[in-house]
Amino acid sequence: MIKIKDPRLIKLAKSLVNYSVEAKAGSHVLITGHFAAKPLLLELVKEVKRIKAYPYIEYIDDDISKEILETNDEVRLDMLVKWNTQKFKDIDCSIRVYSSQNDYAFSTVSDELKTLQSKKLRPAMDIIINDKKWVLLNYPNHTLAHKAKMTYEDFYDYCLKVSSLDYKKMNEAFKPLKILMDRTDKVLLKSPGTNLEFSLKGLGSEPCAGECNIPDGEIFSAPVKESVNGTITYNTKSGYRGDVYENVSLTFENGKIVKATCQNEANIEKLNKIFNTDDGSKYVGEFAIAINPYILHPMGDILYDEKIAGSIHFTPGQAYTGVADNGNRSAVHWDLVLIQRKDYGGGEIYFDDVLIRKDGIFVLDELKGLNPENLK
């Protein structure tokens, strides 16, 4: 049994409060989390208290959330947006600690209610995403350990190891790739089932090294909205709105999804409903290259899977505003992951017809600092 008083949790809490969201004396810090994450939530409150800031706690429970979600209508959601909008404006930063026990907790809720909530709550959530300092992470539990095919004790240790990576070192290693991405026009992705072209021209990029996600390790941009052409086939499972999809394949013409399939034919209709949520759900809002050296295999948790070394994610839906913003707006933001290492079939990334990464390994000298052996 893991002891609640774990010095690694104290260290992680200090990093989240002081490095990730940069809380200061007098800051109003919103801390949201599942009750199962209480050991870390407690250390976060203690650290916020130590620096003389103000903590605010909100608990998440999947069973209660499901029952509430089934009561949703325009009246309730309008009230919730009103409350959340004021709350999110008043806080200075947000720390969210998830520890969900069941990917299918909301599978019996209708797609219509899920879509309605996504659309209604997006503007309020954008206040945090675009205007505040925020960070997300998952607290280890038995469900995640099962997905990772580890004992709980081993997974707990693994999570804290990944979460305590030297993110300042990673941030320095990202600088040459950011310079390259910022001047890149044409991108070509090649992998089994994937031949995709798009432009990054003028959109810039943003390295992520522990500021918003833990674990972290990606640099993102966005494609010029109507520049995407070709097909991408993702080789990791992905949960979305209470269902899990495998081998999702998307074909684009002039930026727009014109065909969407997945391995389980019974899920294809639901898959296409996601991309019919609104006009923006048919276009892509993010392209990211991932490099975390300790995350090598998918486990069905997007906070980990989108950081897998040697992977990319190509995200239908909402673009981030303020940086790498291609103007796409949607209630959807679905990070779908393609691993390009040899053990997953391999793959290549070209920037302006120059090979920059092959089979998950950067080949340009200035980018080799991002390869796994140099980040551990």
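Residue check, Val323 against (1) under 22 Å from Leu203 (Cα atoms); (2) open to solvent by less than 10 Å² (accessible area, probe 1.4 Å); (3) touching a residue at least 60 places away in the same chain (Cβ under 8 Å), all met but one. Which one?
Unmet for Val323, out of (1) under 22 Å from Leu203 (Cα atoms); (2) open to solvent by less than 10 Å² (accessible area, probe 1.4 Å); (3) touching a residue at least 60 places away in the same chain (Cβ under 8 Å): (2).
From the list Leu296, Leu303, pick out the single residue that is under 30 Å from Ser65 (Cα atoms) and either in a helix (DSSP H, G or I) or not basic (Lys, Arg) (or both).
Selected residue: Leu303, the only one of Leu296, Leu303 that is under 30 Å from Ser65 (Cα atoms) and either in a helix (DSSP H, G or I) or not basic (Lys, Arg) (or both).
Would you call Ser94 under 19 Å from Leu144 (Cβ atoms) and either without any contact (Cβ under 8 Å) to a residue 60 or more places away in the chain or outside any helix (DSSP H, G or I) (or both)?
So Ser94 does not fit the description; no.
Which of the residues spanning region 131-151 are more than 18 Å from the chain's Cα centre (by Cα) and either farther than 13 Å from Ser99 by Cβ or open to solvent by 40 Å² or more (accessible area, probe 1.4 Å) (or both)?
His142, His146, Lys149, Met150, Thr151 - these are the residues of region 131-151 that are more than 18 Å from the chain's Cα centre (by Cα) and either farther than 13 Å from Ser99 by Cβ or open to solvent by 40 Å² or more (accessible area, probe 1.4 Å) (or both).
Can you confirm whether Leu165 is at pLDDT below 95, assigned to a loop (DSSP other than H, G, I, E, B) and aliphatic (A, V, I, L, M)?
Numbers: at pLDDT below 95: yes; assigned to a loop (DSSP other than H, G, I, E, B): yes; aliphatic (A, V, I, L, M): yes.
It is true that Leu165 is at pLDDT below 95, assigned to a loop (DSSP other than H, G, I, E, B) and aliphatic (A, V, I, L, M).
Hey, among the residues in region 255-311 that are over 26 Å from Tyr139 (Cα atoms) and among the basic types (Lys, Arg), which one's least open to solvent (accessible area, probe 1.4 Å)?
So the residue we want is Lys282.
Of everything in region 104-130, what is out of contact with any helix residue (DSSP H, G or I) (no Cβ under 8 Å at 6 or more places or on another chain) and open to solvent by 70 Å² or more (accessible area, probe 1.4 Å)? Give them in sequence order.
Tyr104, Glu112, Lys119
Take the conditions among the β-branched types (Val, Ile, Thr) and within 30 Å of Ser20 (Cα to Cα) and apply them to Val228. Does it pass? Step through it out loud before you land on a result.
Numbers: among the β-branched types (Val, Ile, Thr): yes; within 30 Å of Ser20 (Cα to Cα): no.
Considered against the rule, which asks whether it is among the β-branched types (Val, Ile, Thr) and within 30 Å of Ser20 (Cα to Cα), Val228 comes out as no.
Quick one: which residue in Phe198, Phe106, Phe174 is outside any strand (DSSP E or B), at pLDDT 90 or above and not aliphatic (A, V, I, L, M)? Spell out the reasoning first.
Numbers: Phe198 fails: outside any strand (DSSP E or B); Phe106 fails: at pLDDT 90 or above.
It is Phe174.
Anything in region 44-61 that is in contact with a strand residue (DSSP E or B) (Cβ under 8 Å, 6 or more places away or on another chain) and either over 20 Å from Ser15 (Cα atoms) or surrounded by fewer than 16 Cβ atoms within 10 Å (Cβ to Cβ) (or both)? List them, or say none.
Residues satisfying the conditions are Lys49, Tyr54, Tyr56, Ile57, Glu58, Tyr59, Ile60, Asp61.
Out of (1) more than 25 Å from Gly300 (Cα to Cα); (2) surrounded by fewer than 16 Cβ atoms within 10 Å (Cβ to Cβ); (3) among the polar types (S, T, N, Q), the odd one out for Ser65 is which?
Condition not satisfied by Ser65: (1).
Can you tell me which residue within region 177-194, out of those that are over 20 Å from Asp365 (Cα atoms) and outside any strand (DSSP E or B), is most open to solvent (accessible area, probe 1.4 Å)?
Pro192
Would you mind stating whether Leu137 is within 30 Å of Asn18 (Cα to Cα) and either outside any loop (DSSP other than H, G, I, E, B) or modelled with pLDDT under 90 (or both)?
yes
Condition (residue is open to solvent by less than 10 Å² (accessible area, probe 1.4 Å), at pLDDT 95 or above and under 13 Å from the mean Cα position of the chain (by Cα)) applied to region 335-357: is it met by at least one residue?
Checked region 335-357: at least one residue is open to solvent by less than 10 Å² (accessible area, probe 1.4 Å), at pLDDT 95 or above and under 13 Å from the mean Cα position of the chain (by Cα).
Working only within region 2-43, note down all residues that are open to solvent by less than 10 Å² (accessible area, probe 1.4 Å), within 16 Å of Tyr139 (Cα to Cα) and in contact with a Pro (Cβ under 7 Å, 6 or more places away or on another chain).
Leu9, Ile31
Scan region 313-339 for residues that are over 22 Å from Leu116 (Cβ atoms) and in a strand (DSSP E or B) and report the count.
5
Pick from Leu336, Leu367: which is under 28 Å from Val244 (Cα atoms), touching a residue at least 12 places away in the same chain (Cβ under 8 Å) and in contact with a strand residue (DSSP E or B) (Cβ under 7 Å, 6 or more places away or on another chain)?
None of the others qualify; the one that does is Leu336.
For Val244, state whether it is in a strand (DSSP E or B), open to solvent by 20 Å² or more (accessible area, probe 1.4 Å) and within 23 Å of Leu303 (Cα to Cα).
Here the answer is yes, as Val244 does meet what is asked.
Does region 326-333 include one or more residues that are open to solvent by 10 Å² or more (accessible area, probe 1.4 Å) and within 13 Å of the chain's Cα centre (by Cα)?
Yes, the conditions are met somewhere in region 326-333.
The values are calculated or read from the model by the stated rules, or taken from the named source; none is laboratory data. If you're wondering where the values come from, they're calculated on a predicted model, not measured in any experiment. Reconstructed Cβ throughout: ideal geometry from the backbone, glycine too, with neighbour counts over all protein chains shown. With ligands, DNA and RNA removed, areas are computed over all heavy atoms of the protein, side chains included. Shrake-Rupley method; radii C 1.70, N 1.55, O 1.52, S 1.80 Å.
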